[in-house]
Each structure stands twice: as C-alpha cells, then as structure tokens.
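Single-structure report; data block below.
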Amino acid sequence: MVDQLPNLGREAEMLAAMGMTSIEELFADIPSEVRMKGDLPLPPPQSEEEILSDARRLLGANVALGERVSFLGAGLYRNYVPASVFQLVTRGEFLTSYTPYQPEVSQGMLQAMWEFQTLISELVGLPIANLSLYDGSTAAAEALTCSVRVHTRKATQKDTVYVSELTPPDRLSVMQNYCQGAEIKIKFLRHNDDGTLDMDSVSEAIGSCGVYVEQPNPLGLLDGGVTQLKEILGEHTALIVAVQPVSLGLVEAPGHYGADIVVGEGQPLGSPITGGGPIYGIFACSKPYLRLMPGRIVGRSIDVDGNTAYCLTLSTREQHIRRHRATSNICTNETLIALMGAMHMALLGPEGLYDLAVRNMTACIMGKQKLQAVDGVHIPHSSGDHFNEFAIELPGTAKDCLEYLDSVGIVGGFDLSLWYPERTNWMLVTFTDQTQAKHIDLLIEHLSGWVSTLEVAA
Amino acid sequence: MSHLFEHNGAKGQGYSQPAPVLPASEITLPSGLSRKALPRWPRLSEPEMVRHYTWLSKRNFGIDTGFYPLGSCTMKHNPRVNEVIAQIPGIADIHPHQPEHHLQGLLSIFHEMQYMLEVCAGMDQVTLQPVAGAQGEFTAVRCIQEYFRLRGEDQRTKVIVPDSAHGTNPASAAMCGFEIVEIPSRTDGRIDLDALRAVADDTIAVMMITNPNTLGLFEEDILEASSIVHGVGGQMYYDGANFNAILGITSPGLMGFDAVHFNLHKTFSQPHGGGGPGSGPIGVKQHLAQFLPGPLVGKRTANEDELHAAVDENWYHWYQPTHSIGKVQQWHGNAGAIIRCWAYYRRYGRGLRTMSEHAVLNANYLRHAIHKATKEAGVDSLVVDGAEAKVAKHEFTLSLAPAKEAHGISAMDVAKGLLDMGYMAPTVYFPLVVPECMMVEPTETESKDTLDTFATDFAEVLQVDAETLHAAPVTTPVRRVDEVYAARNLCLRHPYDDE
C-alpha cells in the first residue's frame, strides 16, 4: 500500500498543521458503540508483484475460450478487437476521467460519445442514441418501461407489453425486475414450429404499449416477419427490436422497417466478452421517445466565442435533477466500453462492417451445412437463415454431449434446457468471425464420435 | 476542429480482415431483410484513427492529467497493474456460461470478494451482480420489497430519503414502485430525528441514508435513526457512496443497517472511464439473503476427481438463493471491474483502514489549508464552510454564498477559474442544501504538496475580479459551453450534408 499513499510518514506534520496530534482525533465524531473492534480479518497487504503473480495463477486456472475450440455464444460473441482499440482506450485522459460535468475540459470524451451516438444511429437506422446502458438486458428492460411511459395514456391495453416467448430467462428476469415497480404486465408472443414469430399472436398485442422481439432471435434465426410488425401494431405501440450489431452489416436496420426503439448487446463491436461485463447496452430511438428515454446524451453546442463545443444535454430527464420522477435511476453507465465500440466502428468503416458480418454469417452457414450431414443430429429450424448460431437437436441430452466435447477440449455450445427446460436435447451452436473451417471439422468429428457412443450403448 | 465524419477515404478500412470461410454469395436472407444501404460510417486508416483518438484524449482531463477533487466521486489514482490483470485471457476471454470447472479461478476471486465485502460492511451475504451503485440501490430495495411481500406487509409502500441524498436514492426506490417521503436535513446536513419520527409508521418499508452523509459529515445519531426505523418495522439501507471514509473503523452492520451497496469503483478502484463502467455489489443481513439476485458463489471441500481443476482445497460453485428476486444484469455482473477491485483490495488487505484514514486526513488537511490560504490572502470573507463541523470525513463542502453576495461570483465561476489553473473543479451545486455549494474530495492518493498548492491556487482564484471569472475558463480546449443552446438547438448526431 505504500506506493499508493503519498502521505504515509507525513501524518504527524499534517495533523500538527491542524492542531491535532493523532489520526484518532479525525474520527472523534464516530461514537464508540459503532466502532469496529480489532483488525479486519483479511490477509496482509501485498506488493504489485505478488498481486500480479496471484492473479496470473488464479485467472490462469480459468479456461480462456481462446485456448479451446469454442462454439459458445448465446448472447456474447467473441469477435476480434483490433490492437489499436486497447492501446487508445487505456490512455489515461480517457481511462481516468469522470462523467463530463465540466465540459470545457471534457471535450475529448464528449465528442467521442457524440460520434458514438452518430455511429449507432446510422447502424440501427434511428435518429437518436444515448451513450450506453449497462448491457443488452437492461437496455431491453429500460425500453419496455420507456414504451409504457410514452404510450400508456392512449393504449387500450394499458401498462402492458409483449415480449417474444423465446426471450432467454435471464434477460426476461431483468425485464421483470425493471417492470414490476410500475406494475407493467409482460405478456408473450408465440413462435411457429419453424422458429418464426406467430403473426396471430402479434395481433393480440395491438393496443399494448410495446412489443419486444430480437433480430436475429435468441436461436439465431433471422425472421422476415419482423418487418411487418409496425404495420400490424400501428403508431401507438412501440416496436422494440434487439439486435446483434454486427449482423447489421448484412441485415436491414430495424429503424428502416419501423422499429421505434432499437436495443442490443453492443459487446461484439469493440469489447471482449469479459465474463459478461463490463460490456455495453445499445439504446436508440425515434423522436417521440426522446424526452422520456433513459441515459445520458451528448449534444453539440457552442462556447462563448461561438466555437463548436459539446456537452451533456436533456439532463432534466435524469436522477440528479428529476430525482424520483427521473426516467431511470442510471448514473454510471458504460462510456469507456462504448468508446471501444466507437473505435472499432471507426476502424471498420461501412465496408469493414459488411465484411465482418459476412465472416460471421458464412461461418454459421458452413456450420449448418456440415452439421446437417451428421447422422442423428437434427436442425429444427433448418429452413431459415441464421446469424451466428442455430439450435440443433441431439439423439441424447445436450448436457451429456457438452461434457463429452469438453473431455476432448471443445466448448461445444450452450445447453438450451437452461432456457427452455423441456428442450433437454437442444443445443445452441455458435460461429463467429473467430471460427475457422478446421474448427467446424473438429466439432463434426467429435460430435459424430459422441453420437456413435450412444448407438453402441443402445 | 476536426471530427470523425470528415474522414472519408475511398475504402480505407482501418484493418484488413481474413477472407470469410465461404464466399459471400452463399448468403441468403429472408425477403425484405437484406440491408439496402450500409451505415454512413467514416473511412479511416489505422494511422488516421489513432491520431483522431489521441487528439481527442488530449482534449480530456483525467486523474492522470491532474488533481481531480470531484466531491462524491472519489477520483483516486488507478494502479496500472489492475489494467494489466484485466487483460489476462482468464478474465478477458471467458464466458459466463462456461461450466464451473472452467472458472474456478474466477469463482474463487468472486468468493474472496464476497467475503471481503461482508467483513468490511458487517453484512452476512454479498452479491456481486449489480453493475453500478444506482443498480445496487435498486437491487437492495427490490430485495426488501420481496421480504415484506413474503411477510404479508403489503402496506409498506413508502421509502424515506433525506433531502440531502443522492438523486439515485429516490429514483431507485421509485423504480421499485415505492412512494418517496423526503425529510428535511438539519442545517449541517445531518439527519433531523424529529422529522424522521414524524413520518415513521408502519407504512415505511425502507430508510435510505448515506453515512458519512453527502456533506462529508458522520451521522452521529445513526443508531437512534436505525432504532426509530426498526421500531416501526422498517429496514435501514446504507448508500455506500461514501464507504471509503470508514473502512475498518466502523461498518454499516455496526450502525444498524440491513442492506448496503458498494461503489466498488469508488471505494476500491476501477477507472471511471468518462462515466463508467462501475460495479455496485450489495450486502445484506441474513434475513434478506434469500432474496438476493443469483447466482452467488459458495464453496465446499473439493472432491478427489475435482482437484485437477481446483485452485486450492475448495470447490467453488454457483448457487441460487431460495427466494431470489431474479437477475438485474443478464450475466454475472461486471466481472472485469470486480477483478480490478480485487487487485486493489489485495494491496491493502487488513490495512484497508489506513486507506480510509488517509482519505480523511487529506480531506481535513485540505479543508484546513484552504481556510488558512484564504485568510492569508485576505479573501476568507468570501468562502465559508458548507456546514459547521469540527472534523469532516473524506470530503467537505464550502459555500461561495458570501462571494456571490459581495461580488456576484458564483460557485460555478470559481469552478471555471480552477479549470484555468489546471485543475478539475470540485462538484458544484450539490448537495442542494448548501447554497453556492462546492464539494471537495481530494482522496488518499494526493500528496501534501498537491493539497498545499491547490489551497494557495484556490485562494488566488478568489482574488480574481468578477468580470474575469465570469469569462473563465480561457486556457481550456473550448471556453464556457452554452448548455442552454445545446438544449434548445438539439444536435445529437452528425448532420450529414443531405439533412
């Protein structure tokens, strides 16, 4: 700790300047009844070298996906993040700054976030984006409460929103926690056997405040039917579409087919998966939602000399001004990770985004082509087009299959019974820009091997 | 003045990518889903991109640039080894859905962090899932809400918040569906027990309070406040924003609290990165533990066949609390921030108390030095303490009300004057109970020399004439920014030529 405390050893001198003789005098206002007795039951202080050594040992015991062949995605996608992103984001001026309350000395981050807003706005096809929420799930949850704030007055199904029944339970749970306080009812949209949205169930959502669907859906399926939703729902129901942002290099931007709010896990643009955080949530919307949306927004302005300058704006929506009437309680967000996103987007450019989307989607197509040929493996939604991932149905449980693949060094995918308990034999297999043809061949080889052990056992 | 969208090379991709595994012609998309026009993103080569963001970084002020006494925000130095650790593939490249035997290192660190926070806070169980302080507040109040629902105490519809509280407190409680009862503070910002007694009844679910409070003063009557709230069956919630003042000295548990959130990024260390990420774990007493968001990390003795993947004699595993409220973030919280804070706490270990002592020493020393310097410069009549107090804790408030009255110099004018001196300005106009408030938090990582120089410079700013200060800053990348113009002429994205 010595290296972190410049005034160690200078305590007496500083206390004397205040007319004090002991540190204890600084804590005289803390009553003895609440004083802690004895030392904290914690280990002794360590040096930087010792901490680094322990960190390498403990974190080295984790299985990093890069050490294996991996097909695990299910909401987080391992894309390559260019080296310059890490080099620049750790510049101290960005890294160690706070929320830009003093815009005159925060122009760098403010401008970078204004540029981020533009990049996201262009990506999703909507005019407004904030500078990030915590993750995709909280962005989705905030979108639902925002839709109710905007629409419940005119809604015939007041305080009611509809979400796809495929929404992963962990994401749904976040939505439920955010919605319950405002007594918002969450109802479900059904899906057809081929994985597409059931349009009859969509018509049940007419008159509600908001409809939440994902494109691609949680099973990787791209659903053309989603482009029809706005026409069915009309202007008094918010269409909320969650996206995998990289897919938008190939797939139409939801704002161009009527989405009012677009959310998503920003992670595939700019961020490693980092055990699920810190990552960043995308939130973009059209004009009617602007004054009731959550999160911080940067506006372009001028300084007293008339020069271009940037600052936070529309703060009257926020907790530090509006307190219990704020649109959200969010204060700290994920600006630094959003900055990584902006840097990645700037490096990609439009054509680079297209190329990245092509790499992700063709890896998925190759996976599908080869898995279709494995005896005993069935692809439930094989007629559809998939981005990043799709479900496969196995001749045994996904749990057993994943354990077998793990024993040969392959992270095989995601056990879908954790989302949909009756689907014990369904596994979600994910392909990204990091997937190579030889990885897929290895998966096929060992998956076939596992299937044959079942046949022998039978 | 340049911006990203001025860069429009022919096809100058910033980095070249390997060929796809199949030609793009293999791709089919459902009807109507093929993107018609790519986003109008700029086209930059890597050198252009690097220069753009380096230029932007030079127009930004961080702790690394200079003294950052932003009250309430705890802008301490961020040790760089933490950034090195956060890049280790065993944290950067792991997926939350990997099996437990892939994540024993992570789980053991999570377990250690749960334990460390429990003993520091005097709580029985910690969850690391909330990703920011405000989300921690929301999560804890949700847990208490479920606790009362299970007990059939549905009449508890109100949450008490002092008027000096952080805005997130009422916002978080309101998000849970509670009605907010705001009670006035005394003139020193401390809790008014009579005001509390007047509203305490069996409709109260929670009282949310920060201690040291938002003026940096310890609530000496905290046990009495806890007793009043518990007396009517309510729960006490500790806003941990100022926890860095009291580690190892007292704890929320000893003060009678039932639940607490930690701002890991402030109390320990995670670079704030222009507004985030953060990390907002919560700790609760046993009666609330079953409601926490899951999964939590537990441990048992490792079996023989598990030892190859274990990091010690224990097996660390996830488990779900019995009446869990569910999740507040889809994954396991901000694992990367938790690792950094683990590395930070390890530097102090059982010596965390020394960290808090130095935070408080520095704050009191700076408060004293400012008063001394302003007196020597003959401007002590322009600034007074925000609240009467013999000692402050980790931060203190000043009021520029006399300067405003005498010369029309506002707290904001002084803040802008300090920017010209090469400092980040203290927090201004919070807490609202102090007129022309300036809240100063030096943190434990500033040297005595820095504090002395700042005090002298502060006094110098107060000697500047009003007209000059109104025009400040003049040395910054831009001069005073027109926030009203920004709100009235909304420009939230780059206006393309055809718009």
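Considering only B:Leu217, B:Thr203, B:Ile85, the residue lying farthest towards the positive end of the dipole of the range B:82-350 is B:Ile85, judged by Cα position with unit charges set on Cβ.
A simple count of charges around B:Gly408, restricted to other residues whose Cβ falls under 13 Å of its Cβ and scoring Lys, Arg +1 and Asp, Glu -1, yields -4. Set Lys and Arg Cβ to +1 and Asp and Glu Cβ to -1, take the dipole of chain B about its Cα centre, and tell me which of B:Pro96, B:Val50, B:Pro130 lies farthest positive. Projecting each Cα onto the dipole axis, the largest value belongs to B:Val50.
Per-residue SASA remark: B:Val474, around 90 Å² accessible (1.4 Å probe; ligands, DNA and RNA not included).
If both residues of a DSSP beta bridge must be in the range A:83-344, then about 45% of such bridges are antiparallel. For the range B:82-350, the dipole from Cβ point charges (+1 on Lys and Arg, -1 on Asp and Glu) about the Cα centre works out to 340 debye, to the nearest 20.
The residues of the range A:114-175 present an accessible area of 21 Å² per residue when probed at 1.4 Å with all protein chains retained. With a cut-off of 19 Å, note down the residues of the range A:388-402 whose backbone N falls inside the zone around a label point 7 Å from the Cα of A:Glu445 toward its beta carbon. Answer for this model: A:402.
Could you sort the residues of the range A:59-80 by number and keep only those whose accessible area is reduced by 40 Å² or more in the all-protein-chain setting relative to the chain alone, 1.4 Å probe? At a threshold of 40 Å² (probe 1.4 Å), the residues of the range A:59-80 that become less exposed are A:Leu59, A:Ala61, A:Asn62, A:Val63, A:Ala64, A:Leu72, A:Leu76.
Which FRET efficiency value, to the nearest 0.05, is calculated for B:Asp497 and B:Thr54 with the Förster distance at 22 angstrom and r the Cβ-Cβ distance? Each step should come with its number before you reach the end.
Details: r = 27 Å, r/R0 = 1.24.
Calculated transfer efficiency: 0.20.
Using Cα centres only, tell me the gap between the range B:423-499 and the range B:259-331 in whole Å. Spelled out, the Cα-based centre of one part sits 38 Å from the other. Mean per-residue shielding of peptide A:294-301 is 5, counting Cβ atoms of other chains within 10 Å of each Cβ.
Mind putting a number on the dipole of the protein assembly as shown about its Cα centre? Charges go on the C-beta only, +1 for Lys and Arg and -1 for Asp and Glu, and I need it in Debye to the nearest 20. Intermediate values should be presented prior to the final figure.
Details: 71 positive and 112 negative charges, 223 e Å.
The calculation lands at about 1080 debye.
Taking 11 Å as the cut-off, the amide N atoms of the range A:361-375 that come nearer than this to a point 7 Å along the Cα-to-beta-carbon line of A:Leu454 belong to A:375. Listed by chain and number, the lysines whose alpha-carbon sits under 30 Å from that of A:Lys287, ignoring those within fewer than 8 places in the same chain, are A:Lys154, A:Lys158, A:Lys185, A:Lys187, A:Lys230, B:Lys36. With a 10 Å cut-off around each Cβ of A:20-27, the average count of Cβ atoms from other chains is 5. Only the Cβ atoms of Lys and Arg (+1) and of Asp and Glu (-1) were treated as charged; on that basis the dipole of chain A about its Cα centre amounts to roughly 1180 debye.
For A:Lys154 and A:Ser407, calculate 0.36 nm times their separation in residues minus their Cα-Cα distance, and state this gained length in nm to one decimal. Working shown, then result.
Working: separation 253, 0.36 × 253 = 91.08 nm, distance 5.69 nm.
Taking A:Lys154 through A:Ser407 to full extension adds about 85.4 nm, to one decimal.
Counting protein heavy atoms only, the range A:1-159 has 52 percent of its accessible area on carbon and sulfur, 1.4 angstrom probe. A simple rule links phi to the HN-Hα coupling: the Karplus curve 6.51 cos²θ - 1.76 cosθ + 1.60 with θ = phi - 60°, which for the range A:357-368 gives 4, 4, 4, 5, 6, 5, 4, 5, 5, 4, x, 5 Hz, with x for Gly and Pro. Buried accessible surface for the A/B pair, both sides summed and rounded to the nearest 100, is 17200 Å² with a 1.4 Å probe. Measuring r between the beta carbons of B:Glu460 and B:Tyr429 and using R0 = 30 Å, the FRET efficiency lands at 0.85.
Suppose R0 equals 51 Å. What FRET efficiency, 1/(1 + (r/R0)^6) with r the Cβ-Cβ distance, do A:Leu8 and B:Thr468 give to the nearest 0.05? The pair A:Leu8/B:Thr468 has a calculated efficiency of 0.85.
With an 8 Å Cα cut-off and a minimum separation of 6 or more residues, compute the relative contact order for chain B in percent. Worked out over chain B, it gives 18 percent. Ordered from highest to lowest accessible area with the whole protein assembly present and a 1.4 Å probe, A:Tyr134, B:Tyr496 read as B:Tyr496, A:Tyr134. Under 27 Å between alpha carbons, and skipping anything fewer than 8 positions from B:Lys299 in its own chain: which lysines qualify? Counting by Cα, and skipping residues close in sequence, B:Lys299 has these lysines nearby: A:Lys399, B:Lys285, B:Lys327.
I'd like to check one number: the per residue accessible area of chain B, probe 1.4 Å, reported in Å² as a whole number. It would help to have the intermediate numbers written out before the result.
Numbers: 16050 Å² over 499 residues.
Normalised by residue count, the accessible surface of chain B is 32 Å².
Other residues whose C-beta falls under 11 angstrom from the C-beta of A:Thr362 contribute a net charge of -1, scoring Lys and Arg +1 and Asp and Glu -1.
Suppose a student asked you for the relative contact order of chain A, using Cα pairs under 8 Å spaced at least 6 residues apart; what percent would you report? Spell out each step's value before the answer.
Working: 813 pairs, mean separation 88.1, N = 458.
Reported as a whole number, the value is 19 percent.
Backbone amide hydrogens, once placed in the peptide plane, bring A:Thr160 within less than 5 Å of A:Lys185, A:Cys209, excluding anything fewer than 5 places away on its chain.
Ligands, DNA and RNA left out, the 1.4 Å accessible surface of chain B is 50% carbon and sulfur atoms. Beta bridges per DSSP, both residues in chain B: antiparallel share near 55 percent.
By the rule of a C-alpha distance below 23 Å, with chain neighbours fewer than 8 residues away ignored, the lysines paired with B:Lys76 are B:Lys58, B:Lys266, B:Lys393, B:Lys416, B:Lys448.
The mean number of Cβ atoms from other chains found within 10 Å of a Cβ in peptide A:149-162 is 0, as a whole number.
If you stretched the chain out fully between A:Lys187 and A:Ile232, how much longer would it get, using 0.36 nm times the residue separation minus the C-alpha to C-alpha distance? The partial results should precede the final answer.
Working: separation 45, 0.36 × 45 = 16.20 nm, distance 1.72 nm.
So the extension gain works out to 14.5 nm.
Going by Cα centres, the range A:182-233 and the range B:176-207 are how many Å apart? Between the Cα centres of the range A:182-233 and the range B:176-207 lies a distance of 44 Å.
Need one number: % antiparallel among DSSP beta bridges in the protein assembly as shown, to the nearest 5.
Numbers: 51 of 89 bridges.
About 55 percent, rounded to the nearest 5.
Charge tally around A:Gln228: other residues with Cβ under 14 Å, Lys/Arg +1 each, Asp/Glu -1 each, net -4. Interface residues of the range B:295-327, defined as those losing at least 30 Å² of solvent-accessible heavy-atom surface relative to the isolated chain (probe radius 1.4 Å), are listed as B:Val311, B:Lys327. For the range A:302-458, the relative contact order comes to 19 percent (Cα pairs under 8 Å, sequence separation of at least 6).
The values are calculated or read from the model by the stated rules, or taken from the named source; none is laboratory data. This structure is a prediction, so every number in the text was calculated from the model and none was measured. Because the Cβ atoms are built from the backbone with ideal geometry, glycine has one as well, and the counts that use them run over all protein chains shown. Each accessible area value is taken on the protein alone, full model and side chains, heavy atoms only, with ligands, DNA and RNA left out. Shrake-Rupley method; radii C 1.70, N 1.55, O 1.52, S 1.80 Å.
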